Amino acid sequence: MDMKKKSEDFIDQVLSEMTLREKFGQLTQLETVRAEQEEELKEKVRRGEVGSILMSVGATAGNTPQGDINTDFYNELQKIAVEESPHGIPLLFGRDVIHGHRTVYPIPLAMAASFDFDLIRNCYREIAEEAANDSVHWSFAPMLDLSRDPRWGRIIEGYGEDPFVGSQMAKAVVEGLQGNALDEVGSVLACAKHFVGYGAAEGGRDYCHAEISDYGLYNYYLPAFREAIRAGALTVMSSFNDLNGEPISASRYYLTEILRDYLGFNGFVVSDYAAVHQLIRNGVAKDDREATELALNAGVDMDMWDSCYINEGERAVREGRISVETVDRAVKKILRVKLAKGLFTSPYCEKKPIDYASHRESAKALAAKSAVLLKNEGDVLPLNRSAKVLLVGEGATERRSLHGSWALDGKVDETPNFYEAMQEKLPINQLHYDKNCESNITDADVVVVALCEDHYSSGENASISHISITDYEKFILKRAKVLGKKLVGVFFYGRPIAMQGVAEYFDAILYAWHGGCEVARAAADLLFGDCLPCGRLPVTFPRRATHLPLYYNCYSSGHEVNSYYGECLPGCYRDSHASPYYPFGYGLSYSSIRYGSVLCDRAELSVSEIQAGKRFCVSVEVENVGMRDAEETVQLYICDKVAKISRPLRELKSFRKIFLKKGEAVAVSFELGINDLGYYNKKGEFTLEAGDFDVFIGENCLTKNKVTVSLK
Ligand code: NOJ
């Protein structure tokens, strides 16, 4: 008998023996508890009233300190489930392992800036290994919410404003977490979240209403989820927000018609924390029973935290509001995932040794690749080893915020701060740290200002309206400026900030993000040229927050005043220039790169041949004309010039990271085909239209280097 049939028979058998209450138990996820409530939780597990445990406490776990994971406790709970609960169904343990476990890697937005998705995948392999060793079966990552609003605190958990980058990220994280086989030791189930539109919250206000057109949904917000499903994600989390007025956790349209029928997802959906109960506040349910009915019928299979399903489910079935078939379908999906994870055969966590030192090396490598060199006037960087450095700013001694939000298991005391990292680079007589820039040091060659965003200012429920540096940092900056030295800013920030009124102070800026437990050392390496800066922005840095939303893959208006991305002067505002301060894809190296003309191997192409799978080639010569080696991210954008619907003025379709020695030139070529030229119409049908396409290849989205190809 084949394995699949065997599994299905097993599930049918178990299901036929379960009471309705036990079935609702499988659909229930409870939060782990403080010590005094442990006995009560164990009793619920014993009665078969719990299917999964959320291994953290609190509605916003990302910024709430959680204790160390006690593997013995989880093994004990599991033993009760396996040996004492009615059918011995193992528990599924889930935790927010978002960008690291004990080893903290850069926040996901920073990871995306590396454009190194192989490295990201490897890092998630390590993350999974560490988490699995601490009883975690299931991580609530990746977060795939496209966001164009840096005021939104959770922009740091995603990949920014581009669906192509989002898809790459989705694939890398899912593959990294899940490894070759889900039931292997060191593999962790991924959860694609938050489905869908959470990142489009109006005004960047967390949990708020979002409006997304059908066209926008298919082309911008769904691609990353499609890719996560293709990569094998078996769980999806429904989002808190309402989309166009439909609270997602009650929406059969989004959770069943779009997610399952359209995208082909066949795993299970877990609600977000208390999202079922919150349907009352959303104004679509009058009480928990109605909320249960709406959510389960919509397609939420597992109820996180609020116990609505276990408390109200049986009555709703008795009253005919939920069918037994709907309950059975949800239970089956969950049991299938538990089987796939191997929990019926290996339910317990057995600790094994982990090479944390090598994981720290990867975290450092990724932090270095994620950092973006935004400015380097007069080649002030890299710093000379003989330079005398005055280091200022309280960011230099910060540790916890370097991890960023959602670093539940990071060890702050194992995280070097930036002052320590600089001490590793310079002898004592060449480095002076003056937090508030009070002393009048005149013999310094350069002043390095360390700026750090508090991790509480980003993450869940941590949106802000003033996306800039703090008043204290501004004050320090002014003091530093009057010293008349070259000024280098190192930004340990989570979100992108409005750069007008900030960037002008500096000769050089390294944006190192909340880059994880090794970011301080990575930043110091970059400052001294011990590794090369190569990060590129996955999100626009605006001049002012009042220009938001501002994103590169925008449309052309009929009026020239609104030309591409605010580039045209005088521009669409009378009082300010709304072009990006730093555009999408932007980032410098320590060298200068020259791009040759874009060439295409075909002058004309036909729709039918492209539809039949034919691909064509575009290429460019890229030369390092500067004085140092460089790692360049060659970016390819298209613009579909005339279509039935306005198409974005630029869309990233491919990129290539290349290493160029000083003076070296290489030809870089890309193959393009139907996936690059087509788009989803508002019915969600993939469409390819005849017409001209501009193919741009260059250093960021503002490149004008292009060739036009005609599709007849
Ligand atoms: C709420 C967050 O929105 C979600 O991302 C997270 O996974 C859950 N809480 C569990 O902590």
Step by step: first the residues of the stretch 467-493, then only those that are under 17 Å from E377 (Cα atoms) and assigned to a loop (DSSP other than H, G, I, E, B), then the one that is nearest to the ligand (Cβ to nearest atom). Which residue is that? K485
Select, from M55, M111, the only residue that is aliphatic (A, V, I, L, M), under 25 Å from S187 (Cβ atoms) and in contact with a strand residue (DSSP E or B) (Cβ under 6 Å, 6 or more places away or on another chain). M55
Hey, among the residues in the stretch 101-128 that are open to solvent by 10 Å² or more (accessible area, probe 1.4 Å) and part of a loop (DSSP other than H, G, I, E, B), which one's farthest from the ligand (Cβ to nearest atom)? D116
S213 open to solvent by 30 Å² or more (accessible area, probe 1.4 Å) and either polar (S, T, N, Q) or under 28 Å from F655 (Cβ atoms) (or both): yes
Write out, first by first residue and then by second, each pair whose Cβ atoms fall under 9 Å of each other, whose residues are 6+ apart or on separate chains, and whose first residue, in the stretch 694-712, is free of Cβ contacts under 8 Å to residues at least 60 places away in the same chain and assigned to a strand (DSSP E or B) while the second is surrounded by 19 or more Cβ atoms within 10 Å (Cβ to Cβ) and among the polar types (S, T, N, Q). none
Filtering the stretch 154-164 down to residues that are more than 16 Å from the ligand (Cβ to nearest atom) and either within 22 Å of S457 (Cβ to Cβ) or within 10 Å of the chain's Cα centre (by Cα) (or both) yields G160, E161
So is G404 of a type in the set (G, A, S), out of contact with any strand residue (DSSP E or B) (no Cβ under 7 Å at 6 or more places or on another chain) and crowded, with 21+ Cβ neighbours inside 10 Å or not? yes
Within the stretch 665-693, of all residues that are of a type in the set (A, V, I, L, M) and part of a strand (DSSP E or B), the one most open to solvent (accessible area, probe 1.4 Å) is A667
For A316, the lone unmet condition from (1) under 27 Å from the mean Cα position of the chain (by Cα); (2) open to solvent by less than 10 Å² (accessible area, probe 1.4 Å) is (1)
Any strands (runs of 3 or more DSSP E) falling wholly within the stretch 349-466 and containing at least 2 residues that are in contact (Cβ under 8 Å) with a residue 60 or more places away in the chain and in contact with a Gly (Cβ under 8 Å, 6 or more places away or on another chain): 372-376
Among (1) more than 30 Å from D183 (Cα to Cα); (2) β-branched (V, I, T); (3) touching a Ser or Thr at 6+ places or on another chain (Cβ under 6 Å), V317 falls short only on (3)
Subset of the stretch 178-200 that is buried (at least 24 other Cβ atoms within 10 Å of the Cβ) and without any contact (Cβ under 8 Å) to a residue 60 or more places away in the chain - its residue that is nearest to the ligand (Cβ to nearest atom): Y198
Of the residues in the stretch 139-153, those that are within 21 Å of R226 (Cβ to Cβ) and either within 13 Å of the ligand (Cβ to nearest atom) or surrounded by 24 or more Cβ atoms within 10 Å (Cβ to Cβ) (or both) come to S139, F140, A141, P142, M143, L144, D145, L146, S147
Which of the residues belonging to the stretch 544-589 are open to solvent by 20 Å² or more (accessible area, probe 1.4 Å) and closer than 30 Å to L660 by Cβ? Y551, Y564, E567, Y581, Y586, L588
Which listed residue is crowded, with 20+ Cβ neighbours inside 10 Å and touching a strand residue (DSSP E or B) at 6+ places or on another chain (Cβ under 6 Å), from E157, E161, E227: E157
For G62, work out the one condition from (1) farther than 20 Å from Q37 by Cα; (2) at pLDDT 95 or above it doesn't fulfil. (2)
Anything in the stretch 236-263 that is polar (S, T, N, Q), open to solvent by less than 20 Å² (accessible area, probe 1.4 Å) and farther than 24 Å from F164 by Cβ? List them, or say none. S238, S249, S251, T256
Test set (1) touching a Gly at 6+ places or on another chain (Cβ under 7 Å); (2) not aliphatic (A, V, I, L, M); (3) not in a helix (DSSP H, G or I) - K333 fails condition number: (3)
Could you say which residue among K425, K474, K411, K364 is modelled with pLDDT of 95 or more, under 30 Å from the mean Cα position of the chain (by Cα), open to solvent by 10 Å² or more (accessible area, probe 1.4 Å) and closer than 25 Å to S589 by Cβ? K364
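The values are calculated or read from the model by the stated rules, or taken from the named source; none is laboratory data. For clarity, every value in this text was computed on a predicted model and none was experimentally measured. All Cβ positions, even for glycine, are placed from backbone atoms using ideal geometry, and neighbour counts span all protein chains on display. Just so you know, the surface numbers come from the protein's heavy atoms only, side chains and all, with ligands and any DNA or RNA stripped out. Shrake-Rupley method; radii C 1.70, N 1.55, O 1.52, S 1.80 Å.
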